[in-house]
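Rule-based calculations on the coordinates, nothing more; no lab input. This structure is a prediction, so every number in the text was calculated from the model and none was measured. Don't worry about glycine lacking a Cβ; one is built from the backbone with ideal geometry, like all the others, and counts go over all protein chains shown.
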Amino acid sequence: MEHYNSFSKWIRERFPFRVQKISVDAGFSCPNRDGSISSGGCSFCDNRTFNPSYCNRTLSIGQQISDGKAFFARKYPDMKYLAYFQAYSNTYADLDTIRRRYEEALACDGVVGLVVGTRPDCISDKLLDYLERLNRQTFLTVEYGIESTCDATLERINRGHTFECSRRAIAATHDRGIITGGHIIVGLPGESAADIIRQAGSISLTKLDILKIHQLQIIRGTRLAEEYAAKPFHVFSVDEYIRTIGEYIQHLRKDIVIERFVSQSPKGLLLAPDWGLKNYEFTNRLNNYLRERNIRQGSLFNGA
């Protein structure tokens, strides 16, 4: 029996074949970078940390998907693909542009759905109308960057929106029947252990379907790296993080699908923390910890 509601099991139940996400950089921007909200962006952000080598905005979406398929083909030659619009804010454009780019991806051979990453302040009723129609035609997940449920933290990292903004966007999307995901960072500066555990309860009271969690990573060249260099703040050791996640998931609603617990930035970009673990090595250590202590998702969630 699994100790948490895992994404790998959830996604296998939805497709009769293996599926793999292929990241796409569709050339969208971000209101927190182009001056609409700010020109500085979030203090932790550097898109190079999650754009794979085959993902290049100078190429067409079709070519990026073709290159991505070639990258993954050696693993499972018969797999299908989800086009993952990951870089920047992928609902931040006029509707015609958004429609063209999504539909270019869906027209590619072997693509069976979309995952759209965006900000909660880059959504509208008109866009949700389109996404609702698209959701009837193909597999679709909309994934919001939440990052924290603490407004003081969101202000400190220059996020440019509040948690209430995230809560409203999640509800509006979920209520359209669209699978709704969210992303949070554990260990942001200024947040105590109690703040982090309270976050699990706050997330649980939203209408979120899928949650991505990862540790704070300080990336060279970001404003957060400058802050860390000027006045270092605590970052988790791997054992501290595993203990925190063990507590966190007990306060998390049982039916939320957990897609991941950790992220691994390129070593040349990562300032701290450097755990020296591959993602699967971390997951094995976490699973052993949960199993040894019989920790289960939702066991301490009271719904209040």
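If you take the residues of segment 107-128 that are assigned to a loop (DSSP other than H, G, I, E, B) and in contact with a helix residue (DSSP H, G or I) (Cβ under 8 Å, 6 or more places away or on another chain), which of them is nearest to Arg176 (Cα to Cα)?
So, considering only residues that are assigned to a loop (DSSP other than H, G, I, E, B) and in contact with a helix residue (DSSP H, G or I) (Cβ under 8 Å, 6 or more places away or on another chain), the one nearest to Arg176 (Cα to Cα) is Ile123.
Return the residues of segment 9-37 that are among the aromatic types (Phe, Trp, Tyr) and either assigned to a loop (DSSP other than H, G, I, E, B) or in contact with a Pro (Cβ under 8 Å, 6 or more places away or on another chain) (or both); say none if nothing qualifies.
Phe15, Phe17, Phe28
Which condition does Pro232 not pass, out of (1) buried (at least 19 other Cβ atoms within 10 Å of the Cβ); (2) without any contact (Cβ under 8 Å) to a residue 40 or more places away in the chain, if it passes all the others?
Just one mismatch for Pro232, condition (1).
Assuming Tyr289 fulfils every condition listed in (1) surrounded by 16 or more Cβ atoms within 10 Å (Cβ to Cβ); (2) in a loop (DSSP other than H, G, I, E, B); (3) over 19 Å from the mean Cα position of the chain (by Cα) apart from one, which condition is it?
Of everything listed in (1) surrounded by 16 or more Cβ atoms within 10 Å (Cβ to Cβ); (2) in a loop (DSSP other than H, G, I, E, B); (3) over 19 Å from the mean Cα position of the chain (by Cα), Tyr289 misses just condition (2).
Among (1) more than 24 Å from Gly40 (Cα to Cα); (2) surrounded by fewer than 17 Cβ atoms within 10 Å (Cβ to Cβ), which single condition is Glu259 missing?
(2)
Got at least one residue in segment 41-63 being touching a residue at least 60 places away in the same chain (Cβ under 8 Å), among the polar types (S, T, N, Q), over 28 Å from Ala172 (Cα atoms) and assigned to a helix (DSSP H, G or I)?
The answer is yes, given that some residue of segment 41-63 is touching a residue at least 60 places away in the same chain (Cβ under 8 Å), among the polar types (S, T, N, Q), over 28 Å from Ala172 (Cα atoms) and assigned to a helix (DSSP H, G or I).
Scan segment 293-302 and give yes if some residue there is in a loop (DSSP other than H, G, I, E, B), touching a residue at least 24 places away in the same chain (Cβ under 8 Å) and within 23 Å of Glu143 (Cα to Cα), otherwise no.
Looking for residues that are in a loop (DSSP other than H, G, I, E, B), touching a residue at least 24 places away in the same chain (Cβ under 8 Å) and within 23 Å of Glu143 (Cα to Cα), one finds at least one in segment 293-302, hence yes.
Could you please find all residues in segment 153-177 being part of a helix (DSSP H, G or I) and among the β-branched types (Val, Ile, Thr)?
Result: Thr153, Ile170, Thr173.
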